[in-house]
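S.K.: One structure coming up, written as structure tokens, with questions to follow.
The values are calculated or read from the model by the stated rules, or taken from the named source; none is laboratory data. Just so you know, these numbers come straight off a predicted model, no measurement behind them. Here the Cβ is made from the backbone with ideal geometry for all residues, glycine too, and neighbour counts use every protein chain on show. Heads up: the accessible areas ignore ligands, DNA and RNA and are worked out on the full protein's heavy atoms, side chains in. Shrake-Rupley method; radii C 1.70, N 1.55, O 1.52, S 1.80 Å.
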Amino acid sequence: MTRYARRLQQIGSSILVSLPSEWIKSNKLEKGSIVPVDVNRDNTLSIFPSESDAEHTKEAAIQYSPASMDSLVNQVYGAYLLGYDVIRVRASGSISYEDAERFKRAMRKLVGLEIVEEDGRNITSQFLLDPNTLDAEKILRRLNSLVAGMFRETMEAIRARQNTVRKSIDARDDEVDRQYFLLVRLIRSAMMDQKLAGKLNLSNIDILDYRIAANLLEGAGDYIVDLASLQNFSHIDFIDKFVQAGELVEKMQEKAVAAYIGKNRSESIAVLDLYGKFTEVMNSVKAMSAAAKGRSAESTVAVLNLTYSMDRIAKCWVDVADLVKPVHLVEPLKND
């Protein structure tokens, strides 16, 4: 980023500042040109070279190769997350039916991306949502609600000692991924387009925090999938303790996300207190497991795996709570 320094000048009753000549020339501006000026939330200014709101369509072209479908899918995901509006997959020969279907399945994880043109050699998809109408907070709340539902369902399976929850949790995690990709696309687009960031009411620190928060929620969803995949709940002892710990984790998630969205420092501190109580319960389980005699190795491993998995989820909510801005003194301390 190039930075210029300008001195404010007063002409009559107006305060003026000159713009860099290089910037004027590169944007083909001249005397009389109108440049929009936005006042950002952090009290900085953003100056744009044109008052036109017309958006330039960003297109990405990806070459199809039957030997590298994994790479092709990753490139499509990357283009989506980087904010490309049109993604074209092109083949020098023909795209096999199986690869076309795999490509379409992969696209189902990308909210707003729809196939608009297809033939034997080309598949063209386009992002059909207007980013100006999206809301980062609403997407984050949706993401949080999905993850919370996954955890509740898994804890109910643990309480009932059932091992049939994995498929349901996997399906929920697919939707978590969809919302996560959409949120990452939105905040990356806002990072590269200050005008969009202004319309979304996102400062630079907001964009960074949303990126971290989204990653933590998506990670918690993955950890819940791991928890559900243990498939040995019928061998777990100390169920009451794990249920107690699960209730604490649910409260941690509720307070952590509420604290982050509301910038509520007291709620974030409450999350740390809850994590302390959660740790006490987990330590008591470990102590009872070590002291118990005649327990099978399978039961011991099940307890340790469950303890470890739940702790990883709980730490995600601690990290979300840590994103809340600290409370600073409004007035300086007075000396007695």
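S.K.: How about region 127-184: which of its residues are in a helix (DSSP H, G or I) and among the small types (Gly, Ala, Ser)?
M.R.: Those that are in a helix (DSSP H, G or I) and among the small types (Gly, Ala, Ser): ALA136, SER145, ALA148, GLY149, ALA157, SER168, ALA171.
S.K.: Give the residues of region 163-173 that are exposed (fewer than 12 other Cβ atoms within 10 Å of the Cβ) and among the polar types (S, T, N, Q), sorted by residue number.
M.R.: THR164
S.K.: If you don't mind, there's one more thing I want to ask. Identify all residues within region 238-285 that are outside any helix (DSSP H, G or I) and over 23 Å from GLU156 (Cα atoms); write none if there are none. I'd like the intermediate steps shown before the answer.
M.R.: Filtering region 238-285 down to residues outside any helix (DSSP H, G or I) leaves 238, 263-264.
Listed by number, the residues that qualify are LYS263, ASN264.
S.K.: Applying the selection to region 244-273, what residues are open to solvent by less than 20 Å² (accessible area, probe 1.4 Å) and among the hydrophobic types (A, V, I, L, M, F, W, C)?
M.R.: Selection gives ALA245, VAL249, MET252, ALA256, VAL257, ALA259, VAL271.
Here's the yes/no breakdown for (1) modelled with pLDDT of 90 or more; (2) open to solvent by less than 30 Å² (accessible area, probe 1.4 Å); (3) under 30 Å from SER33 (Cα atoms):
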| site | (1), (2), (3) |
| --- | --- |
| ILE62 | yes, yes, no |
| TYR77 | yes, no, no |
| ILE87 | yes, yes, no |
| PHE103 | no, yes, no |
| ALA106 | no, yes, no |
| LYS109 | no, no, no |
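S.K.: Let me ask you something else. Can you pull out every residue in region 307-336 that is aliphatic (A, V, I, L, M) and modelled with pLDDT under 90?
M.R.: VAL327, LEU329, VAL330, LEU333
S.K.: Considering (1) at pLDDT below 90; (2) surrounded by 14 or more Cβ atoms within 10 Å (Cβ to Cβ), say which one VAL39 fails and leave the rest.
M.R.: (2) is the only condition that VAL39 fails.
S.K.: Condition test on ALA290, is it modelled with pLDDT of 95 or more, part of a helix (DSSP H, G or I) and either more than 21 Å from PHE151 (Cα to Cα) or in contact with a helix residue (DSSP H, G or I) (Cβ under 9 Å, 6 or more places away or on another chain) (or both)?
M.R.: Details: modelled with pLDDT of 95 or more: no; part of a helix (DSSP H, G or I): yes; either more than 21 Å from PHE151 (Cα to Cα) or in contact with a helix residue (DSSP H, G or I) (Cβ under 9 Å, 6 or more places away or on another chain) (or both): yes.
Criteria not met by ALA290.
S.K.: Okay, next question. Would you be able to tell me the number of residues in region 274-291 that are open to solvent by 60 Å² or more (accessible area, probe 1.4 Å), touching a residue at least 12 places away in the same chain (Cβ under 8 Å) and among the hydrophobic types (A, V, I, L, M, F, W, C)?
M.R.: Matching residues across region 274-291 total 1.
So that you can scan it fast, the table gives a plain yes or no per residue for (1) modelled with pLDDT of 95 or more; (2) in contact with a strand residue (DSSP E or B) (Cβ under 7 Å, 6 or more places away or on another chain):
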residue	(1), (2)
LEU128	no, yes
ASN132	no, no
ILE139	yes, no
VAL165	no, no
SER168	no, no
ALA190	no, no
GLY198	no, yes
LEU217	yes, no
ALA228	no, no
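S.K.: If you take the residues of region 131-152 that are without any contact (Cβ under 8 Å) to a residue 24 or more places away in the chain and within 18 Å of ASP222 (Cα to Cα), which of them is surrounded by the most Cβ atoms within 10 Å (Cβ to Cβ)?
M.R.: Selected residue: GLY149.
S.K.: LEU208: within 17 Å of GLU153 (Cβ to Cβ), at pLDDT 85 or above, assigned to a helix (DSSP H, G or I) and not acidic (Asp, Glu), yes or no?
M.R.: No, not satisfied.
S.K.: When the residues of region 201-231 are filtered to those that are open to solvent by 30 Å² or more (accessible area, probe 1.4 Å) and free of Cβ contacts under 8 Å to residues at least 40 places away in the same chain, which remaining residue is farthest from GLN253 (Cα to Cα)?
M.R.: LEU208
S.K.: Follow-up question, since we're still on this one. On the basis of being at pLDDT 90 or above and more than 30 Å from LYS195 (Cα to Cα), does ASN144 make the cut?
M.R.: So ASN144 fails the test.
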